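Inspection log for the structure reproduced underneath, given as structure tokens.
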Amino acid sequence: MTHTELPMSKVNLMGLSLLELEELVEGWGEPKFRAKQLMSWLYHHCETDFQMMTNLPKSFRRKLSDAACISDIRVCARAVSDKDSAVKYLFELNDGSRIESVLMPDRNRITVCVSSQVGCAMACDFCATGKMGFFRNLSSAEIVDQVIAIQRELEGGKNVTHVVFMGMGEPLANYDQTLNAVRLMTCVEGLALPERRITVSTVGLAPRMRQFAREGLKCQLALSLNATTDKVRTRLMPINTRYPIADVLDAAREWTLASGNSVTLEYVLIRDVNDGVEDAHRICKLMSRLRCKLNIIPFNEIEDCEFRRPETNRIEQFRRIVSKKCYVAPIRFSKGKDITAACGQLRTVYGNQGITLRKASQYGNTQTATFYPAGV
Ligand code: SAH
């Protein structure tokens, strides 16, 4: 069996909820509390070898080896940013698909940006993942595995503190698995992260946002707005023809009412497309009807895309106008830009020789990345 194959006959324990795990161990004639012990090994100790689970009876460990397995996504490559401390990971899944995740350490805050799908079907014109097309949804195990695999690499007993669903894919288009993953990340038996430290970012699937609002979660929701008129938003994001600005903002308002949290509007600033003075005034008007803050993300340039990043003074002008009236988060000059790990730059490359994590220069980016093959 190669590393990437999971035995078909064995049940994968990763990704199961406590309830599902309890049913499973009881079905094997074991007491219910074994489920909690198992979860602690999986999510607190990040252990994948049953023989190392020393507080389980030997007979049960044997049973587990025969009947169960723990999926474990494989790090194919990692690229370390020269400019900041971001690390981009290329993972291989059990079926050979590849996805990317990004580790963004910042003093005491250790954020992992996870993918929710292999590729993306939303086809946003300014996003590298959108240009890849859609391959498949990730399972909740594969989503949580990204955090665990990165957690395992942290030195000095450090823990991942925040998770953002801003990697490849549209999390709300993979609704059930995203929800299960959020629950596993936040439950005490799982990764035990406070809900407010998880951010789900959406292109604006209004019905799914409304459904998400009813789940009773206290996590953060980010909405990629990116334009102030439907004409421009449709040009950038084809999904806008289905769910136009008024609809997504209404769904965002439902989220704020249900969760008690504000919503974060993300606004990718693109030169001469959505960075004008009128846009800045219009966004203030849209924001005035909603409990929200604005994240201005200067466009990260990508291959096969004519859009450009605005000049710094233009970015500053936009921020100044909006921040006079509304809450604007400090401008996020995305981390990991030199390793194409910044917002919207994640794209795996499919070819005959398989997929490799390419150096930034191959993406048409002039900066270079320190590149480490897996295992280094
Ligand atoms: N599908 C989700 C999450 C993935 S994209 C969503 O749309 O929110 C995460 C964020 O990166 C979004 O806010 C998106 O607008 C932004 N983004 C995409 N491409 C970008 C680029 N080239 N430069 C800067 N930000 C980008």
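The values are calculated or read from the model by the stated rules, or taken from the named source; none is laboratory data. The structure displayed is predicted, hence computed values, not measured ones. Cβ atoms come from the backbone with ideal geometry, glycine included; neighbour counts cover every protein chain shown. The area values use the complete protein model at the heavy-atom level, side chains included, leaving out ligands, DNA and RNA. Shrake-Rupley method; radii C 1.70, N 1.55, O 1.52, S 1.80 Å.
Data overview
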| read-out | value |
| --- | --- |
| Qualifying residues in the stretch 251-279 (those that are open to solvent by 60 Å² or more (accessible area, probe 1.4 Å) and not aliphatic (A, V, I, L, M)) - the one farthest from residue 322 (Cα to Cα) | 254 |
| Cross-chain or 6+ apart pairs with Cβ under 6 Å, the stretch 162-188 first and within 17 Å of residue 137 (Cβ to Cβ), then more than 16 Å from the ligand (Cβ to nearest atom) | 177/139; 177/140; 180/140; 181/140; 181/144; 184/144; 184/190 |
| Failed item in (1) touching a helix residue (DSSP H, G or I) at 6+ places or on another chain (Cβ under 9 Å); (2) hydroxyl-bearing (Ser, Thr, Tyr); (3) assigned to a strand (DSSP E or B), with residue 199 passing the rest | (1) |
| Test result for residue 74, of a type in the set (Lys, Arg), open to solvent by less than 50 Å² (accessible area, probe 1.4 Å) and away from the ligand (no atom under 16 Å from the Cβ) | no |
| Test result for residue 192, surrounded by fewer than 19 Cβ atoms within 10 Å (Cβ to Cβ), within 23 Å of residue 13 (Cβ to Cβ) and of a type in the set (A, V, I, L, M) | yes |
| Selected residue (only one of 227, 173 is in a loop (DSSP other than H, G, I, E, B) and either farther than 30 Å from residue 49 by Cα or near the ligand (Cβ under 10 Å from one of its atoms) (or both)) | 227 |
| Count of the stretch 297-315 residues which are open to solvent by 70 Å² or more (accessible area, probe 1.4 Å) and either part of a helix (DSSP H, G or I) or closer than 13 Å to residue 331 by Cβ (or both) | 3 |
| Filter pass, residue 191 being modelled with pLDDT of 95 or more, assigned to a loop (DSSP other than H, G, I, E, B) and more than 16 Å from the ligand (Cβ to nearest atom) | yes |
| Identity of the residue in the stretch 52-71, touching a Lys or Arg at 6+ places or on another chain (Cβ under 7 Å) and open to solvent by 10 Å² or more (accessible area, probe 1.4 Å), that ends up nearest to residue 168 (Cα to Cα) | 69 |
| Only one of 198, 239, 270, 245 that is hydrophobic (A, V, I, L, M, F, W, C) and closer than 20 Å to residue 119 by Cα | 239 |
| Which numbered condition residue 248 fails, given (1) surrounded by fewer than 16 Cβ atoms within 10 Å (Cβ to Cβ); (2) in a helix (DSSP H, G or I) | (1) |
| Failed condition for residue 322, given (1) open to solvent by 20 Å² or more (accessible area, probe 1.4 Å); (2) among the β-branched types (Val, Ile, Thr); (3) away from the ligand (no atom under 15 Å from the Cβ) | (1) |
| Which listed residue, of 266, 254, is part of a helix (DSSP H, G or I), of a type outside the set (A, V, I, L, M, F, W, C) and either modelled with pLDDT of 95 or more or more than 16 Å from the ligand (Cβ to nearest atom) (or both) | 254 |
| Selection within the stretch 115-146 - at pLDDT 95 or above, more than 20 Å from residue 13 (Cα to Cα), open to solvent by less than 10 Å² (accessible area, probe 1.4 Å) and within 10 Å of the ligand (Cβ to nearest atom) | 115, 117 |
| Spans of strands (runs of 3 or more DSSP E) in the stretch 57-138 with at least 2 residues among the acidic types (Asp, Glu) | 98-106 |
